[in-house]
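The values are calculated or read from the model by the stated rules, or taken from the named source; none is laboratory data. Remember, it's a predicted structure, so these values are computed and weren't measured experimentally. Heads up, the Cβs are rebuilt from the backbone with ideal geometry, glycines too, and the neighbour counts pull from every protein chain shown.
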Amino acid sequence: MDVDLEAVLEAKKAQYKSIEVRKDVELQYDVGNLLATDLNPLDHHAMKSRRDEYLKGLARDNTQLLINKIWQLPVEKADGMILVELPTPSTVLPREKPIPKPKGLTAWETFAKAKGIKNRKRSRMVFDESGQEWKPRWGYKRVDDPKDKWMIEIPDRADPYEDYFEKQAEEKKEKIAKNEYKRLKNISRTQKGGRLKAPLPPPLTKDMSKYQVRPEVTANECILSGHPPTS
Amino acid sequence: MDMQNQGIVKPKTQRAKRALETKAPKLVENTKSALFIRGGHTSETVTQALKDLSVFKKPEAVVLRRKNILRPFEDATSVEFLGQKSDCSLFVFGSHSKKRPHNLVIGRMYDFHVLDMVELGIENFTSLSSFKSGSCALGSKPCLVFAGDQFETEVEFIRLKNIFIDFFRGQELKKLALDGVDHVITFTAAEGRVYFRVFQVILKKSGCKTPRVELEEMGPRLDLVMRRSHLSSDSLLKQACKKPAAVKPKKVKNVSRDSFGSKLGRVHMKRQDFTQLQTRKMKGLKRTKPHSSTRNKDGPHTTKRAKLDSTASS
């Protein structure tokens with residue numbers, strides 16, 4: 001009975017072409033890159049007389065060996081597809097960009113780290129007492145939208161001829177300018193090449209607008225001098 | 001220049017921010033993109049060759065439509081500039097002149113400075129469109145086959161092989177769909193020439209799990225001859241190949257596998273005083289004081305004498 005079964009299997013196998021390939025020297029494989037290198041010497045006579053046929057035959061043999069290697073890898077099935085887990089590529093290839101250097105900590109980050117202050121996440125919606133409803137903390141229809149502040153209460157002693165709305169706008173600009181200045185200063189301190197020129201002596205003024213950047217002074221100049229620009 | 005401006009020029013939209021992030025240096029990099037540039041004068045062969053090669057690089061290919069009068073070997077800065085603008089670290093520059101007919105310069109960059117450049121001349125060219133049969137899916141990962149011992153013995157060819165792998169390998173995949181193995185690119189080196197052939201892979205039944213491979217040529221067919229080359233120094237290449245420490249797989253200490261495959265571990269202990277070990281208490285093994293019921297009071301050597309003996313002796 002066994003003999004019959006073997007004969008049947010042999011007959012069946014003979015129907016199909018073999019997947020075996022004989023090579024003098026084993027191929028070198030980098031399956032992670034689907035790469036195979038054949039070190040066997042080429043048949044130069046065949047190269048001259050029937051090049052394309054020979055190259056096709058050679059390619060078929062080498063590809064067969066590579067496919068054999070790929071099919072030996074561990075298989076898993078997902079989404080009706082048969083997937084094979086590729087090993088890490090072994091060919092050493094250069095990167096396209098240098099390895100990134102870890103960014104330095106900003107002044108606040110170093111302080112927070114030393115003190116052990118952790119960043120707590122604030123919720124998007126805040127309950128607004130005056131309107132008795134939930135409003136977003138920032139963005140469209142936010143809680144402290146300047147559009148809603150049509151009135152500013154000033155004490156009796158305050159100057160009645162001063163434009164308080166303008167003053168508020170100026171203060172906002174100062175805040176932004178100060179924040180931008182600090183941000184640039186952090187970069188110049190932590191990143192290499194951020195500070196290029198020798199620092200110039202800073203003119204100290206009691207004027208708050210010292211943080212405001214002149215329209216002619218660009219961000220780069222700010223970095224290069226390493227000091228707040230003169231207003 | 002760009003590195004310096006990082007953070008100084010803050011992007012105003014999320015889209016711009018994402019664009020900057022994709023272009024920034026990373027620990028695990030993006031798939032390398034290739035730039036296809038046409039020179040001042042090009043021949044039909046060269047333009048068609050560039051088009052056909054770009055098919056194998058898509059979607060990581062940028063094909064420039066206009067002609068660029070550049071000389072990569074004389075002045076690489078223009079190519080570097082183009083690469084930086086389009087965020088491509090690989091390039092192929094095609095040109096045609098009487099001195100160098102049907103010329104292709106294939107190169108790669110590190111930090112947008114040319115690393116390696118190899119000039120190849122196209123001796124025979126058959127376009128993709130000439131091959132009626134055979135096709136492959138766009139963007140599928142190719143199998144790469146290198147033949148010919150020149151790829152292992154000659155310096156220029158060794159580097160060229162590395163460039164070809166870098167260029168054609170595509171995305172680095174962890175998992176591969178077995179249906180996706182649909183084409184193979186073969187490079188055969190003989191007598192200073194590289195024969196570039198592309199075949200569609202047809203998998204046929206073989207009676208066992210692994211299929212029988214049949215190939216159908218799908219083109220393009222290029223016979224390339226090595227001309228000039230501008231290869232980087234070994235030290236620069238070594239620097240470029242450095243892997244970041246964070247990506248390296250962490251070595252697990254004190255764990256090994258024996259020849260049978262069983263996992264063995266090593267445990268390091270302090271010196272122990274075996275006389276003072278704390279073990280489980282077993283009452284039966286406890287050392288007790290000498291008891292009268294089991295032992296003779298006279299000593300260990302005296303034996304019990306039977307009463308009969310004493311009466312018989314007298």
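Given the structure, is B:T77 out of contact with any helix residue (DSSP H, G or I) (no Cβ under 9 Å at 6 or more places or on another chain) and either under 17 Å from B:P220 (Cα atoms) or modelled with pLDDT of 95 or more (or both)?
no
Look at the stretch B:48-107 and say how many of its residues are among the acidic types (D, E) and touching a residue at least 12 places away in the same chain (Cβ under 8 Å).
Total satisfying the criteria: 4.
Tell me whether the stretch A:23-38 contains one or more residues that are exposed (fewer than 13 other Cβ atoms within 10 Å of the Cβ) and basic (K, R).
Within the stretch A:23-38 (the criterion being exposed (fewer than 13 other Cβ atoms within 10 Å of the Cβ) and basic (K, R)), the answer is yes, since at least one residue qualifies.
Which pairs have Cβ atoms under 6 Å, sit 6 or more apart or on different chains, and link a residue in the stretch A:11-29 that is more than 9 Å from chain B (Cβ to nearest Cβ) to one that is surrounded by 14 or more Cβ atoms within 10 Å (Cβ to Cβ) and basic (K, R)?
Taking only residues 6 or more apart or on different chains, the pairs are A:Y29/A:K69.
Between residues in the stretch A:36-63 that are more than 8 Å from chain B (Cβ to nearest Cβ) and within 12 Å of B:T188 (Cα to Cα) and residues that are assigned to a helix (DSSP H, G or I) and hydrophobic (A, V, I, L, M, F, W, C), which pairs lie under 8 Å by C-beta distance while being six or more apart or on different chains?
A:Y54/A:A46; A:Y54/A:M47
In the stretch B:14-32, what count of residues is obtained for those that are more than 9 Å from every other protein chain (Cβ to nearest Cβ) and assigned to a loop (DSSP other than H, G, I, E, B)?
Qualifying residue count, the stretch B:14-32: 2.
Output the number of residues of the stretch B:36-64 satisfying the condition of being under 27 Å from the mean Cα position of the chain (by Cα) and acidic (D, E).
Within the stretch B:36-64, residues that are under 27 Å from the mean Cα position of the chain (by Cα) and acidic (D, E) number 2.
Residue-by-condition table, conditions (1) among the hydrophobic types (A, V, I, L, M, F, W, C); (2) over 18 Å from A:N33 (Cβ atoms):
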| position | (1), (2) |
| --- | --- |
| B:L104 | yes, yes |
| B:V114 | yes, yes |
| B:I122 | yes, yes |
| B:L128 | yes, yes |
| B:K132 | no, yes |
| B:S140 | no, no |
| B:A147 | yes, no |
| B:F151 | yes, no |
| B:I158 | yes, no |
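Mind checking which residues of the stretch B:171-201 are farther than 13 Å from B:D223 by Cα, at the interface with chain A (Cβ under 9 Å from one of its Cβ atoms) and not acidic (D, E)?
B:L173, B:K174, B:K175, B:L176, B:A177, B:L178, B:G180, B:V181, B:V184, B:F199, B:V201
Among the residues of the stretch B:92-105, are any part of a strand (DSSP E or B) and within 18 Å of A:K97 (Cα to Cα)?
Looking through the stretch B:92-105, none of the residues is part of a strand (DSSP E or B) and within 18 Å of A:K97 (Cα to Cα).
When the residues of the stretch A:46-57 are narrowed to those that are out of contact with any helix residue (DSSP H, G or I) (no Cβ under 9 Å at 6 or more places or on another chain) and of a type outside the set (S, T, Y), which ends up surrounded by the most Cβ atoms within 10 Å (Cβ to Cβ)?
Among them, the one singled out is A:K56.
Going by the structure shown, is B:L222 surrounded by 15 or more Cβ atoms within 10 Å (Cβ to Cβ), under 26 Å from the mean Cα position of the chain (by Cα) and either within 14 Å of another protein chain (Cβ to nearest Cβ) or not β-branched (V, I, T) (or both)?
No; evaluated as a whole, the condition is false for this residue.
If I filter the stretch B:166-203 down to residues being of a type in the set (V, I, T) and surrounded by fewer than 21 Cβ atoms within 10 Å (Cβ to Cβ), which single residue comes out as nearest to B:L50 (Cα to Cα)?
Going through the qualifying residues, I end up with B:I185.
Strands (runs of 3 or more DSSP E) wholly in the stretch B:123-228 with at least 3 residues that are over 29 Å from A:E96 (Cβ atoms) - which ones?
Ranges flagged: B:193-204, B:212-217.
For the stretch A:59-100, how many residues meet the condition of being among the polar types (S, T, N, Q) and closer than 23 Å to B:Q200 by Cα?
Number of matching residues: 5.
Looking at the structure I just gave you, is A:A7 aliphatic (A, V, I, L, M), loosely packed, with under 15 Cβ neighbours inside 10 Å, over 16 Å from B:V201 (Cα atoms) and in contact with a Phe, Trp or Tyr (Cβ under 8 Å, 6 or more places away or on another chain)?
No: the conditions fail for A:A7.
I'd like the residue in the stretch B:137-158 that is surrounded by fewer than 19 Cβ atoms within 10 Å (Cβ to Cβ) and within 13 Å of chain A (Cβ to nearest Cβ) and, out of all such residues, is nearest to B:M218 (Cα to Cα).
B:S140
Does the stretch B:130-142 include one or more residues that are within 26 Å of B:F157 (Cβ to Cβ) and among the hydrophobic types (A, V, I, L, M, F, W, C)?
So far as the stretch B:130-142 goes, no, none of its residues is within 26 Å of B:F157 (Cβ to Cβ) and among the hydrophobic types (A, V, I, L, M, F, W, C).
In the stretch A:79-98, how many are facing another protein chain (nearest Cβ under 8 Å) and over 24 Å from B:L160 (Cα atoms)?
Qualifying residue count for the region: 6.
Given the conditions (1) surrounded by 15 or more Cβ atoms within 10 Å (Cβ to Cβ); (2) farther than 20 Å from B:L176 by Cα; (3) not basic (K, R), report the number of the one that A:E20 does not fulfil.
Condition (1) is where A:E20 drops out.
May I ask you to list the residues in the stretch B:229-268 that are part of a strand (DSSP E or B) and closer than 29 Å to A:P94 by Cα?
Result: B:S229, B:H230.
Yes or no, residue by residue, for (1) of a type in the set (F, W, Y); (2) part of a helix (DSSP H, G or I); (3) more than 24 Å from B:K12 (Cβ to Cβ):
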site: A:A114; (1), (2), (3): no, yes, yes
site: A:K118; (1), (2), (3): no, no, yes
site: A:S123; (1), (2), (3): no, no, yes
site: A:D159; (1), (2), (3): no, no, yes
site: A:A169; (1), (2), (3): no, yes, no
site: A:K173; (1), (2), (3): no, yes, no
site: A:E180; (1), (2), (3): no, yes, no
site: A:I187; (1), (2), (3): no, yes, no
